[in-house]
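Single-structure report; data block below.
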Amino acid sequence: MPTDRGPHGAPALALRGVTKRYGGTTALEDVALHLAEGEIVGLLGHNGAGKTTLMSLVAGLLRPDAGEIEVRGVSPVRDPHRARRELGLAPQELGVYPPLTVRQNLRFFAELAGLRGRDVRLRTAEVAGPLGLTGLLDRRVARLSGGEQRRVHTAMALLHRPKLLLLDEPTAGVDVETRARLIAFVRELAAGGTAVCYSTHYLAEVEALDASVAILDHGRMIARGTLRELVHRHGDSAVELTFSGGPPPPRLPWPVAHEAGVLRVRVEQPHLAVPHVLSALGDSARRLVNLRVVQPSLETVFLRLTGRRYTDGPDPAGAPDAADPARDAPGTDGDERAGEPGGGPVPSGERTIEAGRHG
């Protein structure tokens, strides 16, 4: 179970009133976040919400304009070297050296972290096993797949056994096997007391990690809590209908909204409301092509709080958080990502009926 305070008498991560601006753009405003030892927090938000900026601030790559940040009681602003010893960062962009072997990459980063000799060999074996890299240690990184390179990238952040791990889109562009390995390893790390801040575009990963949730929207922290708490407080259930042509305006006793060409009927027991909804369509039922029964879930929480869906996967341009200025800020990693964005898990809490043409 997560513990609020570590041996230093402080949480693994604490942000209080953190604000960051880039010229006239406010990337983060008055953000507060506490993360306990052994806790995984799923950091969610649309592209440009501020997720990468937040992680860059915690890692000491950027300085806040206001507020306080502490990593196990240490400020990355006042004592950056000590704070960095406590954390590991795997940013969105890959930071591997393709001409070197996996082993050489890991050795290089282990030595940067102050490890030498036998410790380097022990830590390399320690991270290579769970991430499926043992058989790849003597292969050049340039010859690995995008998913394998992503695993090497993550392994580098773990070599010094950090007490706080920052993972920014760790499964972007990876295969299903790599995603499963990473999620299993993150859970194992948390069970051992490591706190993990996990940014993702795949809501199903948050559920698989049994993570708490923090939602950023336009630089503000708009929700924080366990998955169960947020779903209970904000989750909606609904019947969603898609039509050929524009959706009709049916007369129903429940709230009705039009969202991106989809008719959304908010109702507490959607499976029981379906017959009533269909009968209210009249002749418009002939144009119905899809009907979806949506139960309360993290997806509906996000939709209700932000007014927008949380796309299941990175944006079509393949650049998550593309509008986040931290991606281009000095001191951040600028290497290009390997691989193309892959398909993500199907969000839970929904059932889809392919309706075809009714008549």
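The values are calculated or read from the model by the stated rules, or taken from the named source; none is laboratory data. Nothing here was measured: the structure is a model prediction, and the numbers come from that model. Here the Cβ positions follow ideal geometry from the backbone for every residue, glycine too, while neighbour counts run over all protein chains shown.
Among the residues of the range 323-340, is any at pLDDT 50 or above, within 26 Å of residue 55 (Cβ to Cβ), surrounded by fewer than 17 Cβ atoms within 10 Å (Cβ to Cβ) and among the basic types (Lys, Arg)? No, the conditions are met nowhere in the range 323-340.
Filtering the range 75-122 down to residues that are aliphatic (A, V, I, L, M) and free of Cβ contacts under 8 Å to residues at least 40 places away in the same chain, which residue is nearest to residue 10 (Cα to Cα)? I'd like the intermediate steps shown before the answer.
Start the filter on the range 75-122 by keeping residues that are aliphatic (A, V, I, L, M), which leaves 77, 83, 87, 89-90, 94, 96, 100, 102, 106, 110, 112-113, 115, 120, 122.
Add one more test, that the residue is free of Cβ contacts under 8 Å to residues at least 40 places away in the same chain, and what stays is 77, 83, 112, 120, 122.
Numbers: 77: 17, 83: 13, 112: 27, 120: 29, 122: 29 Å.
It comes out as 83.
Scanning the range 78-99 for residues that are part of a helix (DSSP H, G or I) and farther than 30 Å from residue 65 by Cα turns up nothing.
Yes/no per residue for (1) surrounded by 15 or more Cβ atoms within 10 Å (Cβ to Cβ); (2) of a type in the set (Gly, Ala, Ser); (3) at pLDDT below 90; (4) in contact with a Phe, Trp or Tyr (Cβ under 9 Å, 6 or more places away or on another chain):
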| position | (1), (2), (3), (4) |
| --- | --- |
| 221 | yes, no, no, no |
| 225 | yes, yes, no, no |
| 229 | no, no, no, no |
| 247 | yes, no, yes, no |
| 261 | no, yes, yes, yes |
| 269 | no, no, yes, no |
| 294 | yes, no, yes, no |
| 309 | yes, no, yes, yes |
| 320 | yes, no, yes, no |
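Condition test on residue 236, is it in contact with a Cys (Cβ under 9 Å, 6 or more places away or on another chain), acidic (Asp, Glu) and surrounded by 19 or more Cβ atoms within 10 Å (Cβ to Cβ)?
Numbers: in contact with a Cys (Cβ under 9 Å, 6 or more places away or on another chain): no; acidic (Asp, Glu): yes; surrounded by 19 or more Cβ atoms within 10 Å (Cβ to Cβ): yes.
No.
Among the residues of the range 280-299, how many are in contact with a Ser or Thr (Cβ under 7 Å, 6 or more places away or on another chain) and within 14 Å of residue 236 (Cβ to Cβ)?
Here is the first cut: in the range 280-299, the residues in contact with a Ser or Thr (Cβ under 7 Å, 6 or more places away or on another chain) are 287, 289-290, 292, 294-297.
From what's left, within 14 Å of residue 236 (Cβ to Cβ): 292, 294-297.
Summing the residues that are in contact with a Ser or Thr (Cβ under 7 Å, 6 or more places away or on another chain) and within 14 Å of residue 236 (Cβ to Cβ) in the range 280-299 gives 5.
Remark: pairs (first residue in the range 49-65, assigned by TED's automatic domain parsing to the domain that holds residue 167 and closer than 13 Å to residue 90 by Cβ; second residue of a type in the set (Asp, Glu) and part of a loop (DSSP other than H, G, I, E, B); Cβ separation under 6 Å; 6+ apart in sequence or on different chains) = 52/321; 52/324.
Give the residue that is surrounded by the fewest Cβ atoms within 10 Å (Cβ to Cβ), with candidates limited to residues of the range 175-195 that are of a type in the set (A, V, I, L, M) and farther than 21 Å from residue 51 by Cβ. Outline the logic, then answer.
Just the residues of the range 175-195 that are of a type in the set (A, V, I, L, M), to begin with: 176, 180, 182-184, 186, 189-191, 195.
Add one more test, that the residue is farther than 21 Å from residue 51 by Cβ, and what stays is 176, 180, 184, 191.
Numbers: 176: 13, 180: 14, 184: 14, 191: 10.
For the range 175-195, the residue satisfying everything is 191.
If you take the residues in the range 15-29 that are of a type outside the set (Gly, Ala, Ser) and surrounded by fewer than 15 Cβ atoms within 10 Å (Cβ to Cβ), which one is farthest from residue 64 (Cα to Cα)? Checking each candidate, the answer is 25.
Considering 155, 172, which residue is in the same structural domain as residue 29 (by TED's automatic domain parsing), buried (at least 23 other Cβ atoms within 10 Å of the Cβ), modelled with pLDDT under 90 and of a type in the set (Gly, Ala, Ser)? Outline the logic, then answer.
On the way: 155 fails: modelled with pLDDT under 90.
From the options 155, 172, the qualifying one is 172.
Of everything in the range 70-89 that is crowded, with 19+ Cβ neighbours inside 10 Å and among the β-branched types (Val, Ile, Thr), the residue that is farthest from the chain's Cα centre (by Cα) is 74.
Looking only at the range 271-292, residues that are buried (at least 16 other Cβ atoms within 10 Å of the Cβ) and part of a helix (DSSP H, G or I) come to 9 in all.
Just one of the listed residues (127, 206, 213, 152) is of a type outside the set (D, E, K, R), touching a strand residue (DSSP E or B) at 6+ places or on another chain (Cβ under 8 Å), part of a helix (DSSP H, G or I) and under 29 Å from residue 69 (Cβ atoms), and it is 206.
Determine whether residue 123 is in contact with a Lys or Arg (Cβ under 8 Å, 6 or more places away or on another chain), buried (at least 18 other Cβ atoms within 10 Å of the Cβ) and closer than 17 Å to residue 181 by Cβ. Write out each step before concluding.
Working: in contact with a Lys or Arg (Cβ under 8 Å, 6 or more places away or on another chain): yes; buried (at least 18 other Cβ atoms within 10 Å of the Cβ): yes; closer than 17 Å to residue 181 by Cβ: no.
No: the conditions fail for residue 123.
Any residue that is out of contact with any helix residue (DSSP H, G or I) (no Cβ under 8 Å at 6 or more places or on another chain), among the charged types (D, E, K, R) and either at pLDDT 95 or above or part of a helix (DSSP H, G or I) (or both) - is there at least one of those in the range 44-52? Checked against the condition, which is being out of contact with any helix residue (DSSP H, G or I) (no Cβ under 8 Å at 6 or more places or on another chain), among the charged types (D, E, K, R) and either at pLDDT 95 or above or part of a helix (DSSP H, G or I) (or both), the range 44-52 yields at least one hit.
Would you check which residues across the range 155-199 are assigned to a loop (DSSP other than H, G, I, E, B) and of a type in the set (Asp, Glu) and list them? Even if it seems obvious, please write down each step before you answer.
Just the residues of the range 155-199 that are assigned to a loop (DSSP other than H, G, I, E, B), to begin with: 157-163, 169-175, 192-194.
Answer for the range 155-199, where residues must be assigned to a loop (DSSP other than H, G, I, E, B) and of a type in the set (Asp, Glu): 169, 175.
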